[in-house]
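For reference, the structure discussed in these notes is given below.
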Amino acid sequence: MEITKSTSTPARRTEWSLALLGGLKHQGEFAARERTVHVAAVGGAKLDHTDAELPAGPTHLVKAALVGGAELAYPEGASAEVDAFSLFGGVDLAVPAGTTVEVSGFSLLGGRSKGIAGEPGGPVVKVRSYSLVGGVKVRQGR
């Protein structure tokens with residue numbers, strides 16, 4: 001029996017971003033991870049997945065910040081889940097036409113936009129947002 005070691009390292013499934021001051025920003029061509037976790041005292045997350053290489057399944061974003069929101073853009077056919085907690089700040093999503101957006105969570109001050117009607121069997125973006133000040137804004141297009 002022969003055992004061989006792979007010389008290539010597999011891509012990490014989770015990207016961690018921890019910051020006292022500062023945000024997380026990805027745009028252009030990059031390899032998106034299955035799960036991105038961003039935790040900051042002050043700083044948000046700006047992820048533009050429109051030109052990214054996406055994993056086979058949905059992408060997951062977990063964001064927690066005392067001050068800071070999330071700005072996200074998805075390409076046609078993307079499937080994503082967003083879980084956000086903020087004391088000040090919200091979530092801004094840009095999705096292509098035909099995408100269903102499901103928004104749930106809690107907001108003491110601030111609103112949540114209603115889901116955008118999608119196509120049956122089409123891509124779904126799920127958002128769970130918890131904030132003391134701030135809300136969720138969903139729009140179609142970049």
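The values are calculated or read from the model by the stated rules, or taken from the named source; none is laboratory data. Everything numeric in this text was worked out from a predicted model, so none of it was measured. Virtual Cβ from ideal backbone geometry, glycine too; neighbours counted across all protein chains shown. The protein model used for the area step is the full one, side chains on, heavy atoms only, and it has no ligands, DNA or RNA in it. Shrake-Rupley method; radii C 1.70, N 1.55, O 1.52, S 1.80 Å.
Assuming SER113 fulfils every condition listed in (1) farther than 16 Å from THR14 by Cα; (2) surrounded by 19 or more Cβ atoms within 10 Å (Cβ to Cβ); (3) hydroxyl-bearing (Ser, Thr, Tyr) apart from one, which condition is it?
All conditions pass for SER113, except number (2).
Sort out which residues of segment 18-44 are outside any loop (DSSP other than H, G, I, E, B) and either over 19 Å from LEU93 (Cβ atoms) or modelled with pLDDT under 90 (or both), and write them in order of number.
The answer is LEU18, ALA19, LEU20, LEU21, ALA31, VAL39, ALA40, ALA41, VAL42.
So which residues in segment 116-127 are open to solvent by 70 Å² or more (accessible area, probe 1.4 Å) and closer than 22 Å to PHE85 by Cα?
The one that is open to solvent by 70 Å² or more (accessible area, probe 1.4 Å) and closer than 22 Å to PHE85 by Cα: LYS126.
Residues to consider are GLU71, GLU102; find the one that is more than 24 Å from ALA56 (Cβ to Cβ), out of contact with any His (no Cβ under 6 Å at 6 or more places or on another chain) and either at pLDDT 85 or above or crowded, with 17+ Cβ neighbours inside 10 Å (or both).
GLU71
Confirm whether THR50 is closer than 19 Å to VAL91 by Cα, in a loop (DSSP other than H, G, I, E, B), open to solvent by less than 70 Å² (accessible area, probe 1.4 Å) and modelled with pLDDT of 90 or more.
Here the answer is yes, as THR50 does meet what is asked.
Every residue in segment 88-99 that is closer than 22 Å to PRO75 by Cα and open to solvent by 50 Å² or more (accessible area, probe 1.4 Å), please.
ALA97
For HIS60, which of the numbered conditions (1) under 12 Å from LYS126 (Cα atoms); (2) open to solvent by 20 Å² or more (accessible area, probe 1.4 Å); (3) touching a residue at least 40 places away in the same chain (Cβ under 8 Å); (4) of a type outside the set (Ser, Thr, Tyr) fails to hold?
Of (1) under 12 Å from LYS126 (Cα atoms); (2) open to solvent by 20 Å² or more (accessible area, probe 1.4 Å); (3) touching a residue at least 40 places away in the same chain (Cβ under 8 Å); (4) of a type outside the set (Ser, Thr, Tyr), only one is false for HIS60: (3).
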